[in-house]
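K.L.:
Structure incoming, see below.
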Amino acid sequence: MVIITLQRDKCIGCNYCMELAPNQFRMSKKDGKSVLLHSVEKKGFHTLKSPDDTIFDESDKAAKACPVKIISVKQV
């Protein structure tokens, strides 16, 4: 199980997450911020829980590349 969390409000729209993990992230055409695909929003945190462990590596690279450190990726 992989858990990805995005604090979208703090996104600066750098696009690194989408470049490194295109299957999990897109950039919004409305405001230019990152969108975590298939996520659930609660109190400003967008969370995706996926049983697909193959998404961990690319999502982890996206989290590490994020200049404002608003992406967290955990494997449980």
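K.L.:
Using only Cα atoms and rounding to the nearest 10 degrees, what angle (0 to 90) does helix 56-65 make with the longest principal axis of the chain?
P.N.:
Approximately 40 degrees, to the nearest 10.
K.L.:
Could you do me a favour and compute the accessible area per residue for the chain, 1.4 Å probe, result in Å²? Could you put the intermediate results ahead of the total?
P.N.:
Numbers: 4850 Å² over 76 residues.
On a per-residue basis, the chain sits at 64 Å².
K.L.:
Tell me, what % of the accessible area of the chain is carbon and sulfur with a 1.4 angstrom probe? Walk me through the intermediate numbers first.
P.N.:
Values: 2610 of 4850 Å².
Carbon with sulfur: 54 percent of the solvent-accessible area.
K.L.:
Now a separate question. In percent, how large is the relative contact order of segment 1-69, given Cα pairs closer than 8 Å and 6 or more residues apart? Working shown, then result.
P.N.:
Details: 106 pairs, mean separation 29.5, N = 69.
Value for segment 1-69: 43 percent.
K.L.:
In the chain, once you exclude exposed trypsin sites (Lys or Arg not before Pro) (DSSP loop, at most 13 other Cβ within 10 angstrom), what's the longest stretch remaining?
P.N.:
1-28
The values are calculated or read from the model by the stated rules, or taken from the named source; none is laboratory data. Keep in mind it's a predicted model, so treat the numbers as computed, not measured. Positions of Cβ are backbone-derived with ideal geometry, glycine not excepted, and every protein chain shown enters the neighbour counts. Protein only, heavy atoms only, side chains kept; ligands, DNA and RNA dropped before computing areas. Shrake-Rupley method; radii C 1.70, N 1.55, O 1.52, S 1.80 Å.
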